[in-house]
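The values are calculated or read from the model by the stated rules, or taken from the named source; none is laboratory data. Computed from a predicted structure; not experimentally measured. Please note: Cβ atoms are built from the backbone with ideal geometry, for glycine as well, and neighbour counts cover all protein chains shown. Keep in mind that these areas ignore ligands, DNA and RNA; they rest on the heavy atoms of the full protein, side chains included. Shrake-Rupley method; radii C 1.70, N 1.55, O 1.52, S 1.80 Å.
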Amino acid sequence: MSTVDPVIVAPPAGQGAPKSDAWRRLRRNPTFLLGAGVFLLILAVAIFAPLLAPYDPYSQSMSNRVVPPVWMDRGSWDHVLGTDGLGRDYLSRIIYGARISLLIAVFTVITSGLIGTTLGVLAGYFGGKIDLLINFFIMTRLTLPVVMVALAVVALFGGSLTVVVLVLGFLLWDRFAVVTRSATQQLRNQEYIQASRSLGFTTRQIIFRDVLPNIFDRLAVIATFEMAQAILLEAALSFLGLGVQPPTPSWGLMVAEGRQFLLFDPWLIMIPGAAIFVLVMAINLAGDGLRDAMAPENRN
């Protein structure tokens with residue numbers, strides 16, 4: 001009995017004091033605080049879009065076509081960021097466009113994270129033939145060009161929010177799989193895993209109780225970068241006319257619709273382009289700060 005008690009009492013690796021140190025470093029990390037602050041601000045704008053948007057983002061007014069932003073000549077406070085080629089208020093469409101970008105980012109990461117984490121944990125924990133089979137899937141996925149496959153699938157099944165999320169989710173799981181496979185291989189022979197086996201815990205219990213909690217920090221870092229990539233890919237698909245379809249206020253679609261006004265009204269492209277840049281940069285900064293806080297020994 002005395003030999004078992006310490007195993008039960010001792011916390012698994014990665015929990016307890018080290019986690020407290022990581023959160024302390026995170027709260028003091030200016031990169032993370034800046035990125036997380038901007039991201040939370042955009043998230044709040046997306047959530048409260050109906051309260052913040054001055055107009056209906058779908059409402060058209062042909063008499064108010066291509067009104068410039070307030071800081072330009074002929075600008076008006078009635079439309080702070082101006083209007084597009086159909087007379088729709090640009091500020092309202094930018095605010096509602098944040099919803100589209102964040103929805104795609106979050107649900108893409110959930111889909112790809114579930115696929116990649118499941119495959120990676122199974123490969124890392126069981127090894128052998130299962131590892132070889134999943135490695136084959138990973139290598140096959142890595143040989144596929146993401147943009148070309150996404151374009152082909154969306155062109156085949158049509159562009160919509162659901163299709164874009166599913167396509168990106170099924171194409172962006174490889175990083176999750178590679179990272180979780182490597183992390184699980186390092187953990188499966190740890191003493192607390194061996195102790196759980198000797199105490200009669202099932203494989204499912206060990207994975208959910210001991211493995212996943214100890215690789216969560218790495219999954220969080222991967223998730224931030226995949227969110228940024230999903231936003232950029234959605235914008236690229238929408239720009240090419242194969243992503244979210246009109247009249248949905250997507251930032252990538254707004255850039256595409258502003259192409260015809262590029263020479264005389266470049267702000268129609270610059271404003272949604274700046275919105276994409278700020279959101280992606282915020283997510284990358286938050287992910288970079290999270291990585292530094294969780295694994296300070298790997299910083300340059």
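Computed quantities for the displayed model
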{"item": "Check on Gly169, on the phi > 0 side of the Ramachandran plot and either open to solvent by 10 Å² or more (accessible area, probe 1.4 Å) or at pLDDT 85 or above (or both)", "result": "no"}
{"item": "Selection status of Arg218, of a type in the set (Lys, Arg) and either free of Cβ contacts under 8 Å to residues at least 60 places away in the same chain or under 30 Å from Ala49 (Cβ atoms) (or both)", "result": "no"}
{"item": "Top-ranked residue of region 27-43 - restricted to ones that are closer than 17 Å to Phe225 by Cβ and not β-branched (Val, Ile, Thr), ranked as least open to solvent (accessible area, probe 1.4 Å)", "result": "Gly35"}
{"item": "Long-range neighbours under 6 Å by Cβ, at least six apart or interchain, first residue touching a residue at least 12 places away in the same chain (Cβ under 8 Å) and more than 14 Å from Ile94 (Cβ to Cβ) within region 47-64, second open to solvent by 100 Å² or more (accessible area, probe 1.4 Å) and hydroxyl-bearing (Ser, Thr, Tyr)", "result": "none"}
{"item": "Test set (1) open to solvent by 60 Å² or more (accessible area, probe 1.4 Å); (2) under 18 Å from the mean Cα position of the chain (by Cα) - Leu133 fails condition number", "result": "(2)"}
{"item": "Hey, Ser92 hydroxyl-bearing (Ser, Thr, Tyr) and either under 30 Å from Arg141 (Cβ atoms) or open to solvent by 30 Å² or more (accessible area, probe 1.4 Å) (or both) or not", "result": "no"}
{"item": "Test: residue in region 193-211 that is touching a helix residue (DSSP H, G or I) at 6+ places or on another chain (Cβ under 8 Å), basic (Lys, Arg) and buried (at least 17 other Cβ atoms within 10 Å of the Cβ)", "result": "no"}
{"item": "Members of region 240-270 that are within 27 Å of the chain's Cα centre (by Cα) and either of a type in the set (S, T, N, Q) or part of a loop (DSSP other than H, G, I, E, B) (or both)", "result": "Leu240, Gly241, Leu242, Gly243, Val244, Gln245, Pro246, Pro247, Thr248, Pro249, Ser250, Gly258"}
{"item": "Elements of type helices (runs of 4 or more DSSP H) contained in region 1-73, each with 1 or more residues being within 24 Å of Val278 (Cβ to Cβ) and modelled with pLDDT of 85 or more", "result": "30-47, 49-52"}
